[in-house]
Structures are given as structure tokens and as C-alpha cells.
Amino acid sequence: MERPYLTKEEIQAIYDKEFASERLSQVRDIFLFSCYTGFAYVDVKKLSKSHINVGIDGDKWIFTNRQKTNTSTRVPLLPLAQELILKYEEHPECVNLNVLFPVLSNQKMNSYLKEIANVCGINKELTFHIARHTFATTVTLSNGVPIESVSKMLGHTNIKTTQHYAKILDKKVSDDMSILRRKLQS
């Protein structure tokens, strides 16, 4: 089954877009956070400051349990994800509800994501779940993060689930083989 995901260029287009409306900016930010952490909608919605801890490397990580599989997940925070958390630190709704982001209903998020895709010229049926696929493919696997690590961060209980994402990365295979070709030639 083809799982849609965003390319680097599409992520950049969404990131760079200035929205006149506050709600579209917030939906964009929460979506991008998920693109850089791999968290599903239900998991992002329940994140609070208490989920942020110092990981084995001394950097900030999110430690939580995936709602769907109840598996423990530990995800190192990339700079963009940290930047987005800081952006909403003082947001009244986040302070009042003790959450990292002011997350709307999944239905509303998806509706606004369609609007965002439209404004950014992205011809894909943009849903919140695409952020997870984008993390798996564009952000991690295509940048050389091993599939075992990606599987662990996504909270998959079986690596076969993660392998669905790897099938679509012919570009990665091509790049890896180019490196090998150069090594063998020298």
C-alpha cells in the first residue's frame, strides 16, 4: 500500500508559508512538530512538559507511551521540534491544560491541513497522519537513520510495520549504491 508522505521541498514550503490566520499557523506548527517527531495525533494531543526529559546523549527527548500500542517511545528532539515547543510554552491553552500544543480536534486539524496544502500548492490529500509517514521516510530513513531506530521511535511493535515506509525509498537505495560504486572504484 502506498503511504503518502511529504518531500523535503513540501515540508519547506509549509514551513516558509506566512499565514494570515493564527489557527492555520498553529495547525502548521503542530503538523511540522509531528513531521519531526513521528508522533500520531492522539499522542501529540496528550504531550505535556513532563514528557520532556534528558536522554542518554544529554539532549532533550520525549518519553511517552503510544496510545495505539501502549509501547514506550523515546524520541530525541530535533532542533525544529524544540523550537516549536518553545513557541507555545506561554500559550494560554497550553498553560491551562498543561499540554505542549493547542491541538484542535482531528477532524478540524485535517480540514485545516487541506487548506494549508492548497495554499502551499501541495497536490496531496494532506492529513495529520501524513506527518508520521513523513517522519519515517523524508526525515529519518532517507537521511540514513537505520530502520531499527525508526521503528523504535515510531513505537512499532514489529519491524515489518516500519518496512512499509522503506519500500518507497528508491532514491535512498540509489544514493547508497552510488556511494558503494565510488568506494569500489577507488
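Every number in this text was worked out from the coordinates using simple rules, so none of it is lab data. Everything numeric here is computed off the predicted structure, so don't read it as measured data. Here the Cβ is made from the backbone with ideal geometry for all residues, glycine too, and neighbour counts use every protein chain on show.
Hey, any idea what Rg/Rh is for the stretch 1-106, computing Rh the Kirkwood way over Cα pairs? Don't skip to the end; give the middle numbers.
Values: Rg = 14.0 Å, Rh = 14.7 Å.
Rg/Rh for the stretch 1-106 comes to 0.96.
Counting other Cβ atoms within 10 Å of each Cβ, which GluC sites (Glu not before Pro) in the stretch 1-54 have at most 12 and sit in a DSSP loop?
Values: sites: GLU2, GLU9, GLU10, GLU18, GLU22; in loops: GLU2, GLU18.
Here the sparse-neighbourhood loop sites are GLU2, GLU18.
Name the most mobile residue of PRO102, PRO76, PRO92, meaning the one with the largest mean-square fluctuation, in a Gaussian network model of the chain with Cα contacts below 10 Å. Highest fluctuation of the listed residues: PRO92. Of the GluC sites (Glu not before Pro) found in the stretch 86-141, those that fall in a DSSP loop while having at most 13 other beta-carbon atoms within 10 Å are GLU89, GLU90, GLU125. Listed by chain and number, the lysines placed with their C-alpha closer than 17 angstrom to that of LYS49 are LYS60, LYS87; residues fewer than eight positions away on the same chain are left out. Estimated translational diffusion coefficient (Stokes-Einstein, Kirkwood radius over Cα pairs, 20 °C, 1.002 mPa s) of the stretch 82-186: 128 µm² per second. When the trypsin sites (Lys or Arg not before Pro) in the stretch 78-184 are filtered for DSSP coil states and for at most 15 other beta-carbon atoms within 10 Å of their beta-carbon, the remaining sites are LYS124, LYS167.
For the chain, what relative contact order do you get, as a whole percent, if you take Cα pairs closer than 8 Å and at least 6 residues apart?
Details: 230 pairs, mean separation 53.1, N = 186.
This gives 29 percent for the chain.
For n ≥ 4 DSSP H runs only, could you compute -39500 (n - 2.57) per run for the chain, divide by its residues and tell me the 222 nm figure to the nearest 500? Result for the chain: -14500 deg cm²/dmol, rounded to the nearest 500. Over the chain, the Kirkwood radius and the radius of gyration, each from Cα atoms, give a ratio Rg/Rh of 0.99.
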